[in-house]
Each structure stands twice: as structure tokens, then as C-alpha cells.
Amino acid sequence: MHKIIDINNVRNFQLLLKFNDGESKLINFKPLIGEGISAPLLDKAYFSKVSIDNGGGIEWPNGMDFCPNFLKDYVTNSEFQKESKVS
């Protein structure tokens, strides 16, 4: 199972996520948030409160979360991510 081991809030709803296999991905979350439980994440100060949850995914204080497998394997559309080779 994939796990996120580090998060860097880059800019404009983009997070640089480092996975336990050493890969890093820069993901634009703007298209993934904005309605329902994710609406508070449109506030940049609130968005920056992201943390790593016990399962290796990411979460916010209101319970909004993303599974690490989704972020690693299923977010492949270039609109959502940019590959990054950050060590």
C-alpha cells in the first residue's frame, strides 16, 4: 500500500506529496475541491491545515481526506497533477 510521508504546500491549492517509495508528485487539488465537505478547503489558510493521516493519506480537520492509493495511482490526468522528480 502506498503511503504519503511528507507534504509541502506549494501554492494555489497545489501540494507536493512524497510517497514511501521515494516518488514525489505535485498535485493541483483545485479541480477536486469546492463542494460539500471539501468547500472549506477553498480558503487557502484552511487548505494549509492538511496533514498526514494514520493510513498514510492526507486529511483536513473537518474530516475531508484523500486516499494515498488514489493520489498515487488514479490521479493521472495532467489537469490534476504534474510529475516531479524531487528527492
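Using amide H atoms built in the peptide plane, which far-off residues or other-chain residues are under 5 Å from residue 10 H to H?
Sorted by chain and number, the residues that satisfy this are 15, 16.
Relative to the present Cα-Cα distance, how much length would full extension add between residue 1 and residue 44 at 0.36 nm per residue of separation? Show your work: numbers first, answer last.
Values: separation 43, 0.36 × 43 = 15.48 nm, distance 2.96 nm.
Stretched fully, the residue 1-residue 44 segment lengthens by 12.5 nm.
Rg(Cα) of region 1-45 divided by 2.2 N^0.38 Å?
Details: Rg = 11.8 Å, N = 45, 2.2 N^0.38 = 9.3 Å.
In units of the 2.2 N^0.38 Å rule of thumb, it is 1.26.
Could I have the simple spin-label model distance between residue 59 and residue 20, label points 7 Å from Cα toward Cβ, reported in nm to one decimal?
1.6
Over all distinct Cα pairs, what is the inverse of the mean 1/r for region 4-79, reported as the Kirkwood hydrodynamic radius in Å? It would help to have the intermediate numbers written out before the result.
Details: mean 1/r = 0.0802 Å⁻¹.
Roughly 12.5 Å, rounded to one decimal.
Bear in mind these aren't lab numbers, they're just calculated from the coordinates by the rules spelled out. The shown structure was predicted, so the numbers you read here are calculated from the model rather than taken from an experiment. Positions of Cβ are backbone-derived with ideal geometry, glycine not excepted, and every protein chain shown enters the neighbour counts.
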